[in-house]
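Student: I am attaching a structure below and will ask some questions about it afterwards.
The values are calculated or read from the model by the stated rules, or taken from the named source; none is laboratory data. Bear in mind the structure is a predicted one, so any value in this text is a computation, not a measurement. Neighbour counts are summed over all protein chains in view; Cβ atoms, including those assigned to glycine, are modelled from backbone coordinates with ideal geometry. For the accessible areas, the whole protein counts, side chains as well, though only heavy atoms, and no ligand, DNA or RNA atoms are used. Shrake-Rupley method; radii C 1.70, N 1.55, O 1.52, S 1.80 Å.
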Amino acid sequence: YDATTGSTLFFGGFNSTELADTWTWNGSVWDKLSPVTSPPALRGASMVYDAATHNVVLFGGLSGAGPVADTWTWDGTNWTKLSVPGPSARSGASMVYDAATNNVVLFGGKGTGGLLSDTWFWNGTAWTSSTLTTSLPAPRYEQSMAYDAQTHDVVLYGGSGVAGAISNTWTWDGSSWTLQLAANPAPRY
């Protein structure tokens, strides 16, 4: 959801081939847009509204040639490709805006070397990698992630791992991941 424009933003996807179209939903009507600049055709890209910058951030995705490591922002009318170093090429990562830290958090995904379990932060101008090497969720992609405004934590659930669908819940408090031991829904991605 793009709070700046008051609409839901949709980009790309897959329908026998990767797509590169941009759409908005205003609550009752889809509108296909024709921005001057646009990301290439992608599926499995990660996208989230960055409340600190009032832009939507898109990262990665899978093109016909494999995963990409591009960062794009949407200002409500046009896409801009940013030339910034950041996470490795991947698809199926999860991104969420962490209102407690005013950063976008990116976790995991599937890269050219396999599944990933790294955590990255976007502050509106640059990517920073977490230096944690222990107590990390297992490598995975296509997991769900959301911000819990009551606890001020990012919540990560499930995903697809090395052995298939995963059924565990992790929380990120701005500095570390913690495995939650409560009962979980069945494994899924």
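Student: What ranking do 26-35, 50-59, 129-138 get when scored by the average of other Cβ atoms within 10 Å per residue, highest first?
Tutor: Values: 26-35: 10.0, 50-59: 19.4, 129-138: 12.5.
Result, highest mean first: 50-59, 129-138, 26-35.
Student: Percent of accessible area on the chain owned by carbon and sulfur, 1.4 Å probe? Walk me through the intermediate numbers first.
Tutor: Numbers: 4940 of 9260 Å².
For the chain, the apolar C and S fraction of the accessible surface comes to 53 percent.
Student: What is the sum of charges, Lys and Arg at +1 and Asp and Glu at -1, for the other residues whose Cβ falls under 13 Å from the Cβ of residue 124?
Tutor: Numbers: positive: none; negative: 50, 75, 98.
Value of the local net charge: -3.
Student: Tell me the label-point distance for the pair residue 100, residue 15, using the 7 Å Cα-to-Cβ offset, in nm and rounded to one decimal.
Tutor: 4.0 nm
Student: Provide the gained length on full extension for the span residue 80 to residue 162, in nm with one decimal, where the gain is 0.36 nm per separating residue minus the Cα-Cα distance. Provide the component values of the computation, followed by the final result.
Tutor: Working: separation 82, 0.36 × 82 = 29.52 nm, distance 3.45 nm.
Here the answer is 26.1 nm.
Student: If you roll a 1.4 Å probe over the heavy atoms of the protein chains, what accessible area per residue do you get for the range 1-127, in Å²? Could you put the intermediate results ahead of the total?
Tutor: Values: 5700 Å² over 127 residues.
Here the per-residue accessible area is 45 Å².
Student: What does the highest-first list of 89-96, 5-12, 145-152, 111-118 look like by mean Cβ count within 10 Å? List each step's numbers first, then the result.
Tutor: Values: 89-96: 23.4, 5-12: 17.4, 145-152: 13.0, 111-118: 15.2.
Ranked from most to least packed, the peptides come out as 89-96, 5-12, 111-118, 145-152.
Student: For the chain, max minus min Cα coordinate along each principal axis, in Å, sorted largest first?
Tutor: Sorted largest first, the three principal extents are 46, 35, 35 Å.
Student: To continue, here is another question. Keeping all protein chains in the complex and leaving out DNA, RNA and ligands, what accessible area do you get for residue 170 with a 1.4 Å probe, in Å² to the nearest 10?
Tutor: 30 Å²
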